[in-house]
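Here, each number is a calculation from the coordinates, and none is a lab measurement. These numbers were taken from a predicted model, which means no experiment stands behind them. A quick note on method: Cβ atoms are made from the backbone with ideal geometry, for glycine too, and the neighbour counts reach across all protein chains shown.
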Amino acid sequence: MNGGPRGVDVDADRTLLSVLRDDLNLTGAKFGCGEGQCAACTVLVNGVATKSCLTKVGAVEGKRIVTIEGLAPEGKLHPVQQAFLDADAMQCGYCIPGMILGAVALLGRNPNPNDAEIVIGMNGHICRCGTYPRVMRAIRALAGNGGRA
Amino acid sequence: MKRRDFFALLGGGIVVLLDDEIYAQETGGPRRGGDAPAVPLEIGAWLHIGETGVVTVYTGKVEVGQNARTSLTQAVVEELHVPPESVEMVMGDTDLTPFDMGTFGSMTTPRMWPQIRRAAAAAREMLLDLAVRKWSVERTTLTIADGRVSAGDRSASFGELAHGEKWTRTIPASVPLAAAADWKVAGKSLPKVNGRAIVTGAHKYSWDLKRPGMLHAKVLYPPQFGAKLISLDAAAAEAMPGVKVVHEGDFVAVAAPEVEKAATAVAALKAQWKPVTAAADYRTVFQYFKQTAQDGAAKAKNLTPYTIAYIAHVPLEPRAALAEWEGGKLTVWTGTQRPFGVRSELVQRFGIPEERVRVIVPDTGSGYGGKHNGDAALEAARIAKAVGTPVKRNWTREEEMTRAYFRPGGLIEVAGKAAADGTITEWEFHNYNSGGSGLQSPYNIPGKKEQFHQTKSPLRQGSYRGLAATANHFVRESYMDELAQSVKLDPLEFRLKNAKDERLRNVLVAAADKFGWKGRKKTAGRGFGIAAGFEKGGYVATCAEVGVDPKSGAVKVLRAVVAFECGAVVNPEHLRNQVEGAIAMGLGGALFEEIQFGEGKIATNRMSKYRVPRFADMPVIESVLLDRKDLVSAGAGETPIVGIAPAIGNAIFDANGKRIRRLPLMA
């Protein structure tokens, strides 16, 4: 969990999202819909963007989980976080932690996505404020260097 | 907060109180009685500079993504010459901030923004006064920059100047302000002041908050709106370890240590409800509006009907509240656009004095007009009182989609005539239920008739970004094209023919120029549309290019150009962000958002059943900002939404000759 082992004694059937938020106090992963439609709850499981609202906590035992809180552990922003700031890619910000982790995963598997690939890669994420053009701009700015600035 | 409490709470320093009697009269608040020598009733904002140099500003406005926190910080920086990092903006806390009617109606920029500039300007003068007194220098020799006052080789930080002081000054809201042409910081793109907390996930929304011993609560809602509870068997839920059941009349709720357990417990309640007969469903509702019009329906026979569906706000953070009772005082943290309104709801519900209720609004996961009331707050407070622990009431998406209020549906009937030269000679326009905002045509039409008809609504309805201006602009601007077509005039030319308002003409021309309206080339399956309007002090014109599949009729919006003029621009980048967001959101209501309901139930009760715009739906969006430094800044969160639906509808007609007279267009 975010670079180190964490143990929790909880019912294995609970969702990863509620355990992260309520038991581990990692509230950066957001509840948006509870049915995998909005991706506000996205975290990385072994590097793969995963909807934590649909994931049982028992299914991630022993796996590497990165939440938004683990992306800048030393306080130095991850390049994707910085790119979102630079593009002013947020309004209310509720979807943004999930968006950022989705973008990290996208750039991890395709370091140089074109616009169509960004749309396909990010289409599961909903931003109701409509910052989509700015999220595109943020990811576009990193394309070509695999999410490294 | 009482006057003497300022320094007790904040330490020494200087305080500016802004006395806005006009605003207080207009808004009817705060009507506070009682014995407390409270801050003067008319205070609109206050500002404190402490001994550490931190500037703290108190405003009852809230941040819901419109970036008011940033624009209001800019107001302080502009006048006080202090780095943005030194400014702390305390927003929407009924114990700490002055009364405010609410964050809606695009009022923050035209009303609160100049107030805070005035307070900051007064504080600046107080700091200069202090320097004159302490250094015995001429005022004209002083300079103020970057949080310091200097004269010759002397220099002091704001904190040093404020040290040991307990000085309060009340100023009127009528103090003149520097013209926009002279702004140094305002008018520039200050980045979102708490952006870092957003991208690191550190910001705590209402949904994220916790208190020691807190339980999660769920409410048992009736299966149909308005159904009454006949009987309840709560034995199975009550037998679950850690679960508490609250039953007060028709109100039934459970509380449990874990959110999953609360959900299991509420599902285990066995309730019988008396069925109700619903008045209308989402197809029959338009007729229902006309039947229930309080002032009678329009008589004219030549009216063309348009229909507007009910839609949902779908804020990504569903309603949430955390309530805690301690020593007879209730504190509620909740995402609302009306903290003082929610306080009033709680005061009424529990019959306790205002002083014993505190509502705190963390920066909220959006609202769009959907979070005006205290539904979640009332539930959380009620359950917390019954179970005796702090209670969290986080609405699920399904609850948000079914229990919140909606943007009203509407029936709009319109008729008009144009002379051969394009002059509109007749105009009659009736709006049933959807609302009166934007009802008045901004075009010059002598003898026009425009009427809003109040009706019954089968669904709970309320505010929404732009209110009815979206519906009224959709119909008006669609019908403008129908009239242009009737006299075979270009839609832009037809509008300019009937628009005398210079600001309206300016946005039309600016949008058309950027879009390349005059040089547009028709190809198969492509169409171009234009629409314009005026609302909340701002003018907007929108051009859209669409592709329409000839077989399926499916529409893809390819490009949208928006020209927007809202007076002097406060923050260009954030304004562009609002314009783009308004297009994105407006696209949903234009094309596919529709609440489907019947038999007292919402069928579109989840995100998987209610489509909202995604990345793949986005057109290329270009915005043209007409910065009028000679005009007062208007709010900008709402108006840019009104033009996109008619621009798309008109573009579809241009593409395939089909006039669609309903929202959503693709229903």
For region B:281-293, 3J(HN,Hα) per residue [Karplus equation, 6.51 cos²θ - 1.76 cosθ + 1.60, θ = phi - 60°, Hz, x = Gly/Pro]:
10, 6, 9, 8, 5, 5, 5, 4, 4, 5, 5, 9, 4
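With +1 on the Cβ of every Lys and Arg and -1 on the Cβ of every Asp and Glu, and nothing else charged, how large is the dipole of region B:154-270 about its Cα centre, in debye rounded to the nearest 20?
Values: 15 positive and 10 negative charges, 112 e Å.
Dipole about the Cα centre, nearest 20: 540 debye.
What fraction of the Cα pairs in the protein assembly as shown, stated in percent, has a spacing above 55 angstrom? Before the final figure, lay out each step's value.
Working: 34009 of 332520 pairs.
So the portion of pairs separated by more than 55 Å is 10 percent.
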Quick one: Karplus J couplings for region B:142-149, per residue in order, coefficients 6.51, -1.76, 1.60, θ = phi - 60°, nearest Hz, x for Gly and Pro?
7, 10, 9, 7, 6, x, 9, 10
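What shape does chain B have by the C-alpha gyration tensor, where a ≥ b ≥ c are the square roots of the eigenvalues, rounded means a/c under 1.5, and otherwise prolate means a/b greater than b/c and oblate the rest?
Working: a/c = 2.09, a/b = 1.15, b/c = 1.82.
Judged from the Cα gyration tensor, chain B comes out oblate (a/c at least 1.5, b/c at or above a/b).
Is there a pair in B:Lys456/B:Lys601; B:Lys448/B:Lys518; B:Lys204/B:Lys392; B:Lys228/B:Lys270; B:Lys299/B:Lys448; A:Lys30/B:Lys204 whose C-alpha atoms are over 19 Å apart, and which pairs would that be? If you can, show how the numbers build up before the last one.
Numbers: B:Lys456/B:Lys601 17 Å; B:Lys448/B:Lys518 30 Å; B:Lys204/B:Lys392 14 Å; B:Lys228/B:Lys270 14 Å; B:Lys299/B:Lys448 16 Å; A:Lys30/B:Lys204 10 Å.
As for pairs spanning more than 19 Å Cα to Cα, those are B:Lys448/B:Lys518.
Nearest 5 is fine: what % of DSSP beta bridges in the protein assembly as shown come out antiparallel, could you say? Provide the component values of the computation, followed by the final result.
Working: 88 of 120 bridges.
If we restrict to bridges inside the protein assembly as shown, about 75 percent are antiparallel.
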Have a look at B:Ala186, B:Val132, B:Ile198 and report the one farthest towards the positive end of the charge dipole of region B:123-215, computed about the Cα centre with Cβ charges (Lys/Arg +1, Asp/Glu -1).
B:Ile198
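Give the average, rounded to an integer, of partner chain Cβ atoms located within 10 angstrom of each Cβ in B:569-582. Working shown, then result.
Values: counts 0, 0, 1, 0, 3, 2, 0, 3, 10, 3, 1, 7, 10, 2.
Taking all residues of B:569-582 together, the mean is 3.
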Rounded, prolate or oblate: which fits region B:457-510, taking a ≥ b ≥ c as square roots of the Cα gyration tensor eigenvalues, rounded meaning a/c under 1.5, else prolate when a/b beats b/c?
oblate
If the only charges are +1 at each Lys and Arg Cβ and -1 at each Asp and Glu Cβ, what is the size of the charge dipole of region A:9-143 around the Cα centre, to the nearest 20 debye?
320 debye
Could you work out, residue by residue across A:94-103, how many beta carbons of other chains sit within 10 Å of that residue's beta carbon, and then give the average as an integer?
4
If each residue of separation counts as 0.36 nm, what is the full-extension length gain between B:Glu493 and B:Lys449 once their alpha-carbon separation is subtracted?
13.5 nm
Using modelled amide H (1.01 Å from N, peptide plane; none on Pro or chain starts), what sits under 5 Å from the amide H of B:Trp273, excluding residues fewer than 5 places away?
B:Ile230
Per residue of A:132-142, count partner chain C-beta atoms within 10 Å of its C-beta, then hand back the mean as an integer.
3
Restricting to Cα pairs under 8 Å and 6 or more apart, the percent relative contact order of chain B works out to 13 percent
Cα-projected label distance for B:Thr423 with A:Lys76, points at 7 Å along beta-carbon direction, nm
7.2 nm
Shape call for chain A, from the Cα gyration tensor axes a ≥ b ≥ c (a/c under 1.5 means rounded, otherwise prolate when a/b beats b/c, else oblate), comes out prolate
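What percent does the relative contact order of region A:16-67 come to when contacts are Cα pairs within less than 8 Å and at least six residues apart?
Working: 77 pairs, mean separation 18.2, N = 52.
Result for region A:16-67 is 35 percent.
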